[in-house]
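Taking it in order: structure first as structure tokens, then the write-up.
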Amino acid sequence: MLQGPDHPASKDPPVADGDSQALPPAAAAEDFGSINPLAFLLGTFAIILLSRLASYLTPYKLYFSFSSFFFDDARSEVSWEALGVKLATPCVVGFLLFLVPLRIYKYFGEAHVAGRRALRYLFEQAETTSRYAGFFAAFLMAWPYLVYWDVFARPDLYKYRLVFTFLYILYFMSYAYFAALGVSLAKLYLHTQIPSSEKHGLSANTAWVETIRTSVMGSATSGVAAFLAGRFAQSS
């Protein structure tokens, strides 16, 4: 049945003044939590590269490697300082994955397409991208030990393959959490560097809560993984 112009269903809902500018585009809302491919690749490569450099530059007593449990009984005791140094790498990379696009946005502004893309990445993709980069980088560095378990592991650890696979997954998760922690720390840095009018609704309290949550989760997953791996390595 045809409806006249005065029929209620034929009228568009009223729009408040300024709503067209205040609300983000639909496409941007759909992309919330998506991964930026370029930042993901750069972040993954940076974590792997810095981890390799740290293995050569860090003193022996301050270097932690999850795979060391497979080779050396003497290193079955976990050095928490060395674990902290190890997990600082994804945290630093996560910080840079937020700070560099922030500088790009500050340089170009929202009037330039590069500034708008950087702004979209900062508030819609940075945290998710850093998490996946941290997880995937840890996986790439560890996959040979999981695939070729019979080659790398000590003979007395062969029976614990499934256990160490689970512990490795926890270790991967800790990399993801610490990469996200770097983003959270960068968001706190954001509040001291740009005017409040440009924070786009980012709350300082929210940034603090997220920083504490990710640091606790990252510390818990890495601590449990390293502690249990050391105990299994010692008991075998």
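Bear in mind these aren't lab numbers, they're just calculated from the coordinates by the rules spelled out. Please read these numbers as outputs of a predicted model, since none were measured by experiment. Please note: Cβ atoms are built from the backbone with ideal geometry, for glycine as well, and neighbour counts cover all protein chains shown.
Quick notes on this one:
- Here the peptides 149-161, 215-227, 126-138 are ranked by packing, the mean other Cβ count within 10 Å, and the order with the highest first is 126-138, 215-227, 149-161.
- Pairwise label distance in nanometres, residue 111 with residue 41, each label 7 Å out on the Cα-Cβ vector: 3.2
- Residues listed by number, the stretch 134-168, amide nitrogen under 20 Å from residue 213 label point at 7 Å toward C-beta: 134-135
- Protection proxy ranking for 177-185, 108-116, using the average of other Cβ atoms within 10 Å per residue and placing the highest first: 177-185, 108-116.
- Within the shell defined by Cβ-Cβ distances under 13 Å, the residues around residue 161 carry a net charge of 0, with Lys and Arg each +1 and Asp and Glu each -1.
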